[in-house]
1. Answer yes or no as to whether Asp128 is open to solvent by 40 Å² or more (accessible area, probe 1.4 Å), more than 20 Å from Tyr440 (Cβ to Cβ), out of contact with any His (no Cβ under 9 Å at 6 or more places or on another chain) and in contact (Cβ under 8 Å) with a residue 60 or more places away in the chain.
2. Go through the range 638-689 and report how many residues are among the small types (Gly, Ala, Ser) and open to solvent by less than 30 Å² (accessible area, probe 1.4 Å).
3. Restricting the search to the range 176-224, which residues are over 19 Å from Ile294 (Cα atoms) and surrounded by fewer than 13 Cβ atoms within 10 Å (Cβ to Cβ)?
4. Name, by its number, the condition in (1) part of a helix (DSSP H, G or I); (2) open to solvent by 20 Å² or more (accessible area, probe 1.4 Å); (3) more than 15 Å from Ile757 (Cα to Cα) that does not hold for Gly724.
5. Out of the range 533-582, which residues are of a type in the set (D, E, K, R), open to solvent by 10 Å² or more (accessible area, probe 1.4 Å) and in contact (Cβ under 8 Å) with a residue 60 or more places away in the chain?
6. Within the range 782-802, track down each residue that is assigned to a loop (DSSP other than H, G, I, E, B) and surrounded by fewer than 16 Cβ atoms within 10 Å (Cβ to Cβ).
7. Run down Val681, Val693, Val685, Val647 and say which single residue is within 30 Å of Val63 (Cα to Cα) and touching a Ser or Thr at 6+ places or on another chain (Cβ under 8 Å).
8. For the range 582-611, which positions are in a loop (DSSP other than H, G, I, E, B) and under 30 Å from Tyr726 (Cβ atoms)?
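The values are calculated or read from the model by the stated rules, or taken from the named source; none is laboratory data. Since the structure is predicted, the reported quantities are computational estimates derived from the model, not experimental observations. Glycine gets a Cβ as well: all are built from the backbone with ideal geometry, and neighbour counts include every protein chain shown. Note: accessible area is taken over every heavy atom of the protein model, side chains too, but ligands, DNA and RNA are not part of it. Shrake-Rupley method; radii C 1.70, N 1.55, O 1.52, S 1.80 Å.
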Amino acid sequence: MESRYNAAEVEQKWQQQWQESGIDRTPDSPPQRRINDRPKFYALSMFPYPSGNLHMGHVRNYVITDVIARLKRMQGYRVLHPMGWDAFGLPAENAAIDRGVPPAKWTYQNIAQMREQLKQLGLSIDWDREVATCSPDYYKWTQWLFLQFLDAGLAYQKEAAVNWDPIDQTVLANEQVDSEGRSWRSGAIVERKLLKQWFFKITNYAEKLLQDLDKLEGWPDRVKTMQANWIGKSVGAYLEFPVVGRDDKIAVFTTRPDTVYGVTYVVLAPEHPLTPEVTTPESQEAVSAFIEEIKGESEIERTAEDKPKRGILTGGKALNPFNGEEVPILIADYVLYEYGTGAVMGVPAHDVRDFKFATEKGLPIKTVIVPEDTTDVGAIDQSPSEAYTEPGIIVNSEQFDGTPSVEGKTKIIEYAEQQGYGKARVQYRLRDWLISRQRYWGCPIPVIYCNTCGTVPVPDKDLPVELPESVELSGRGGSPLAQLDSWINVDCPCCGQPAQRETDTMDTFIDSSWYYLRYSDANNTETVFAKDKVNDWMPVDQYVGGIEHAILHLLYSRFFTKVLRDRGLLNFDEPFKRLLTQGMVQGLTYLNPNKSGKDKWVPSAIVDPSHPIDPDTGEALELLYATMSKSKGNGVAPEDVIAQYGVDTARMFVLFKAPPEKDLEWDDADVEGQFRFLNRVWSLVTSYDPVKVSKSSGELDKEEKDLRRAIHTAIKEITEDLTGDYQFNTAVSELMKLSNALKDVKDKTSAVYQEGIETLVLLLAPFAPHIAEELWSCLGNTESVHQQPWREVDPSALVVDEITLVVQIMGKTRGTIQVPAGSDKSALEKYATESDIAQKYLEGKEVRKVIVVPNKLVNFVVAK
């Protein structure tokens, strides 16, 4: 009996029933793997920060993963599809400062709100495995894992630069420093200050992280390239330049040892310990002023490609041991102490940056490589107009003259090792991971400092080291934890003497580097996770998230997995088999080209679309698609779309509008189109009466054969679209084709039509789960549609009995006819000749030639 589609009613009904029945609960891992055990599938979306509200980007991410999870269940897999919260971080502290709300309260309120929003999306999530990284039940194990790193020698302390607000006397995160280098709160010029901080030795795993990228066949090449570039392997030489008049040596790493005879200066990082040692008294004032000038600059500012490189002579000199020449020592902003050796050799004749720097500073330029086709080596230009960076022939390099430069690299390294000047070395751009944060709302680092025992790990039995609740957050005066004596002061667990806790908390990337492992055994209170369970569920079969996490989160997760493997906690090498980086959701956006910064965006809510002008200035606005954000005022609230159309329509739209890896342009008309499609499906199914199905007489007629072909074509195409490179948009198109084929059928009492109606609902289920569940129930079924097996293709149904043959006269199409499939050329010519079309157009004409293209067309060439 046909009725009206009420999306809100249907969705509320089934969400309640799913929750009560526990249909989405994860099946337990089998105690021992058996041959007939169902295979596992772990589908995971990157968990969100609980900001309080879902946006359309969230909706797209989670719906994509949900379709995959629902499909795999129907295909017979044991499915793990969990959700949690990346809940530590700066926004909660800011909320506490601005609104006087404790970070924990603010965070848990947001989690509760977002959890309800997620449930409204009809996601088949196992909420029994929910984790929140700010919960002591979770960060107890984050701390335990830190101690695993410490025990393995992979956690250590050293001094590192931080952003320091001299007015508020506090450390700032990079995002708290504006484009002018000022503190977001006090407005002070931010300084760089050295603090003793904790690091993880990710560089110990650099080579393995690089090599194992080849194992990630299910990852986008773009992401693997980004990680490889971030790791940045370089093969070259470690060389030492003695400081004239001192016993010290300046160490450099170079990938171009073939140019070492062309070194005309050496540059130290301003922060290098040797800088004050090599600076002469007459240069002291200028050097100190230069160091003060760049103190507040970030690493990004100092190394920016488009920024002029600044440097100054120290007055000191270094000796090039290869040729005995003394060269000046400078300091420059583009050399960072934390990277490499903190010093570089300057070869301006063969490096673009060095050439520009040397030219501006009036430093010597010495050519030591020339093109291979150079005929007169004696006429080498020692005042070149640009750097020569290609391979060539070595010159002006004593015994290496005439050697091809590529071969010369190896020979000069061998010579350096023989003479004690240096050695071959592999170096990585990747640096150790600074994990210390001078913040409150983060996971406390579980170590204690004792004057007698030194750095002491907190015993396992005392974990978690919980965050104190009675903390005043003002954004001033250093770490909030450092100001709480009652929390800091403890007894040493080794000797019992008075000691102090570490007051830094961990980088929130630590929390997200292992959360996917915890889901395998989320409620275990005895250990971080049971080894058999983590090895059963891991690795994640499909990971879905934004491209913005391509480097740090994914690299750190890979690092964690490898460390925990080496600690014997798990038995796999990589955490994520397949990775899908979904595109952004973009909205129609208004831009005032005459304004700059955030002011250039004009919220769409205050613009008349028929006459788009800036309400403040009256200037004409430009219209474009841009990523939805609060600052642009171009967002579409998921709850508004759901209220108007329902969740299933929203799901169908985000799946249909664009391939998952591409950006999606929001269009209200297309949303309306998906709503109309679901209404058509509703009418089609609810108007069907399975009681009136007639018994099959055996042989199918043409209409039934055509319909069955459409049914199994849909099964085939949709299954392929949901396998490998996901193409949800074309899968939705196939659903529409099947719906249209069913609508056009005249006999709606056949068994084939019944198969088509049931198949449409089953294929729709992963995409629009609520309406599919309701329609499946309307068809008289008592078990959930989501517990039904995915339909299999019947290859025989795809076989075509007849084909459409085009009939042409002199290359012009005059009509089509149906002919038996598989007919040979002579048969096709016969069918075409005898057709009414040929009879009509060939009457009275002489056929000179007949061209037959098998299974496509017959073309008659006639005399003119």
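1. Details: open to solvent by 40 Å² or more (accessible area, probe 1.4 Å): yes; more than 20 Å from Tyr440 (Cβ to Cβ): yes; out of contact with any His (no Cβ under 9 Å at 6 or more places or on another chain): yes; in contact (Cβ under 8 Å) with a residue 60 or more places away in the chain: yes.
Spelling it out, Asp128 is indeed open to solvent by 40 Å² or more (accessible area, probe 1.4 Å), more than 20 Å from Tyr440 (Cβ to Cβ), out of contact with any His (no Cβ under 9 Å at 6 or more places or on another chain) and in contact (Cβ under 8 Å) with a residue 60 or more places away in the chain.
2. So in the range 638-689, the residues among the small types (Gly, Ala, Ser) come out as 643, 646, 650, 658, 669, 673, 683, 687.
Still in the list and also open to solvent by less than 30 Å² (accessible area, probe 1.4 Å): 646, 650, 658, 673.
Residues flagged as among the small types (Gly, Ala, Ser) and open to solvent by less than 30 Å² (accessible area, probe 1.4 Å) within the range 638-689 amount to 4.
3. Taking the range 176-224 as the starting set, the residues that turn out to be over 19 Å from Ile294 (Cα atoms) are 184-186, 196-224.
Result: Lys196, Gln211, Asp214, Lys215, Glu217, Asp221, Arg222.
4. (1)
5. Filtering the range 533-582 for residues of a type in the set (D, E, K, R) gives 533, 536, 541, 548, 558, 562, 565-567, 573-574, 577-578.
Imposing the further condition that a residue be open to solvent by 10 Å² or more (accessible area, probe 1.4 Å) reduces the set to 533, 536, 541, 548, 565-567, 573-574, 577-578.
Across the range 533-582, the qualifying residues are Lys533, Asp536, Asp541, Asp566, Arg567, Asp573, Glu574, Lys577, Arg578.
6. Of the range 782-802, the ones assigned to a loop (DSSP other than H, G, I, E, B) are 782-784, 788-794, 799-801.
Once the filter is applied, which keeps residues that are assigned to a loop (DSSP other than H, G, I, E, B) and surrounded by fewer than 16 Cβ atoms within 10 Å (Cβ to Cβ), the range 782-802 yields Thr782, Glu783, Pro789, Glu792, Asp794, Val799, Val800, Asp801.
7. On the way: Val693 fails: within 30 Å of Val63 (Cα to Cα); Val685 fails: touching a Ser or Thr at 6+ places or on another chain (Cβ under 8 Å); Val647 fails: touching a Ser or Thr at 6+ places or on another chain (Cβ under 8 Å).
Being within 30 Å of Val63 (Cα to Cα) and touching a Ser or Thr at 6+ places or on another chain (Cβ under 8 Å) holds for just one of Val681, Val693, Val685, Val647, which is Val681.
8. Gly583, Met584
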